[in-house]
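The values are calculated or read from the model by the stated rules, or taken from the named source; none is laboratory data. Predicted model, so just to flag it, every value in this text is computed and none were measured. Quick reminder, even Gly has a Cβ in these numbers, built from the backbone with ideal geometry, and neighbours come from all protein chains shown.
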């Protein structure tokens with residue numbers, strides 16, 4: 001029993017001394033790092049495309065800079081470095097923190113632009129999640145409204161047009177699915193949305209044709225003819241109009257388009273006739 005008590009006392013003293021030593025290490029004053037040296041090291045790594053190491057060093061530099069403008073620049077470079085290695089979530093977190101912490105910094109326009117680009121680059125296709133498309137659209141519209149004459153506006157205007165096409169593609173994809181399972185009303189609503197909200201996209205012709213197709217199928221011939229008339233008035237030379245016209249006029253025959261190869265052969269044959 002006495003031995004057990006002595007062992008417990010020994011263990012207690014050992015743990016107490018260990019904790020005391022650890023506390024001394026934790027609270028020991030560390031030498032302040034030179035932020036300019038850290039930033040230089042980060043920038044060198046950045047130029048060598050060692051973006052992961054650069055991000056870590058830029059973060060370290062920010063913590064050590066006393067001048068706000070240099071700390072802000074370090075924070076922005078940290079966000080860009082994370083973006084460069086496709087750490088999108090971490091980059092967004094870093095950039096949003098930068099905007100919150102340094103709202104008056106001269107480079108905050110670029111941070112807003114980069115956030116819009118990150119959302120845009122996460123767009124995959126119309127079959128996937130709609131959230132990145134909507135976030136990208138929202139951020140781009142915010143940027144164009146706040147910085148209309150900025151150097152980055154031209155690029156974002158182009159990206160916005162592509163996003164609108166992507167949203168229209170999403171509606172078409174869902175609409176086609178509803179057609180495949182014979183859910184006519186949801187399909188009609190999707191195709192109408194494309195016609196009404198995305199009339200400048202490449203999908204409006206097909207959307208009009210699908211409406212002709214569905215309305216004729218369910219026996220609403222007047223609505224079918226109405227959409228066929230719109231399609232014919234605006235796109236009377238398109239293949240979608242020809243298909244819609246055939247639905248309403250059964251005797252109409254769609255002429256088969258010659259393939260590029262057939263056209264080339266015809267051209268070559270004409271040349272051969274001239275030679276002979």
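Does residue 123 count as free of Cβ contacts under 8 Å to residues at least 60 places away in the same chain, within 25 Å of the chain's Cα centre (by Cα), assigned to a loop (DSSP other than H, G, I, E, B) and surrounded by 13 or more Cβ atoms within 10 Å (Cβ to Cβ)?
yes
Have a look at 134, 144, 156 and point out the one that is in a helix (DSSP H, G or I), at pLDDT below 90 and in contact with a helix residue (DSSP H, G or I) (Cβ under 9 Å, 6 or more places away or on another chain).
134 is the lone residue from the list that is in a helix (DSSP H, G or I), at pLDDT below 90 and in contact with a helix residue (DSSP H, G or I) (Cβ under 9 Å, 6 or more places away or on another chain).
Can you name the residue in the range 88-108 that is in a helix (DSSP H, G or I) and out of contact with any helix residue (DSSP H, G or I) (no Cβ under 8 Å at 6 or more places or on another chain) and is also surrounded by the most Cβ atoms within 10 Å (Cβ to Cβ) among such residues?
93
Of these, 139, 159, 182, which one is without any contact (Cβ under 8 Å) to a residue 24 or more places away in the chain and either surrounded by fewer than 18 Cβ atoms within 10 Å (Cβ to Cβ) or within 30 Å of residue 116 (Cβ to Cβ) (or both)?
Only one candidate passes the filter, namely 182.
Just to check your reading of the model, which residue among 166, 243 is under 30 Å from residue 95 (Cβ atoms), modelled with pLDDT under 90 and touching a helix residue (DSSP H, G or I) at 6+ places or on another chain (Cβ under 7 Å)?
It is 166.
So that you can scan it fast, the table gives a plain yes or no per residue for (1) at pLDDT below 80; (2) more than 30 Å from the chain's Cα centre (by Cα):
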site: 8; (1), (2): yes, yes
site: 11; (1), (2): yes, yes
site: 16; (1), (2): yes, yes
site: 28; (1), (2): yes, yes
site: 31; (1), (2): yes, yes
site: 47; (1), (2): no, no
site: 65; (1), (2): no, yes
site: 78; (1), (2): no, no
site: 90; (1), (2): no, no
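Of all residues in the range 179-237, which are assigned to a loop (DSSP other than H, G, I, E, B) and under 14 Å from residue 169 (Cβ atoms)?
198, 200, 201, 202, 203
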